[in-house]
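Inspection log for the structure reproduced underneath, given as structure tokens.
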Amino acid sequence: MLMVDWPSVMHIANVGKFSHRARRDRRQRQDADVFAFAARDALALVGGNAYQVPAGRRDGNVSVAQETNGNLPPPSASVNQLTQMFGAKGLTQAEIVALSGAHTIGESHCSSFSNRLYSSGPNAGQDPSMDAGYVSKLMQRCPQQPAQQSTVPMDAVTPNSFDTNYYAGIVANRGLFSSDQALLADQTTAAQVVGYTNNSDSFQADFADAMVKMGSIGVLTGTAGTIRTNCRVASWST
Ligand code: HEM
């Protein structure tokens, strides 16, 4: 689970923690696996493919939020940066485009994209790559001094469905983050984005495959790591 950003992991893990699957056989099921099951089950609940998740991950000895920093691309990332960062973990550019489709569900804090609405400095103003109507709507929800907890849905049309509207939004210049909209600026990724808007099945299949692959990144096996008795607490015993 190294590459999934923490908001999403915590979001889906909350669903998983209370699922029958997590409660059953609790002592033999590692928390790292629970996270992967939770992601799969949460997606299935909102319309995603119920893909097969291989089990057997062991848990880390420590959990340090700062350790994710170097692994997570910023919302301002270009396609090249995304390709480089995810590529370093073994994911292809096509897999990144598919995984980005996770932004069809969930919410973002205003602070994650407000630079696209109110930038300062030599290029002050609104991001010209963003649809003007969308900019106005976002400015209403996110004034220049928004309440710290203000959020907006990342897919403005169907925020609670796992569908291809995230990609349709990008085609309409309504990608929320620069890293979303950047997928339209590159010829190869743009073709994939447009392709998904016409073929939901291929998005669902590619997303499921990429999630399984991502779930195998940095997996601890054998005697590495530990098996946590409490998911929130790192334990040193194996
Ligand atoms: C491509 C690079 C990615 C970038 C730059 C990125 C960036 C972000 C940002 C900035 C937020 C909003 C955080 C906030 O302000 O609260 C967010 C939310 C989210 N991301 Fe990503 N993300 C990326 C990839 C992914 C991937 C691969 C997944 C899952 C497979 C994912 C799933 C989510 C979900 C579900 C949320 C919403 C969380 C919530 O509702 O609380 N993201 N992402």
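The values are calculated or read from the model by the stated rules, or taken from the named source; none is laboratory data. These numbers come from a predicted model, not from an experiment. Counting neighbours? That spans all protein chains shown, and the Cβs are built from the backbone with ideal geometry, glycine included.
A few notes on this one:
- Residue satisfying condition, being within 24 Å of residue 47 (Cβ to Cβ), surrounded by 14 or more Cβ atoms within 10 Å (Cβ to Cβ) and modelled with pLDDT of 95 or more, within set 180, 186: 180
- Among the conditions (1) assigned to a helix (DSSP H, G or I); (2) without any contact (Cβ under 8 Å) to a residue 60 or more places away in the chain; (3) within 11 Å of the ligand (Cβ to nearest atom), the only one that residue 183 does not satisfy is (2).
- Only one of 64, 97, 79 that is among the β-branched types (Val, Ile, Thr) and at pLDDT below 75: 64
- Odd one out for residue 153, checked against (1) surrounded by fewer than 16 Cβ atoms within 10 Å (Cβ to Cβ); (2) touching a residue at least 40 places away in the same chain (Cβ under 8 Å): (1)
- The residue that is farthest from the ligand (Cβ to nearest atom), among those in region 119-130 that are at negative phi and loosely packed, with under 15 Cβ neighbours inside 10 Å, is 122.
Per-residue answers, yes or no, for (1) within 13 Å of the ligand (Cβ to nearest atom); (2) outside any strand (DSSP E or B):
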residue: 108; (1), (2): yes, no
residue: 133; (1), (2): no, yes
residue: 137; (1), (2): no, yes
residue: 156; (1), (2): no, yes
residue: 162; (1), (2): yes, yes
residue: 168; (1), (2): no, yes
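- Which numbered condition residue 72 fails, given (1) closer than 16 Å to residue 180 by Cα; (2) modelled with pLDDT of 90 or more: (2)
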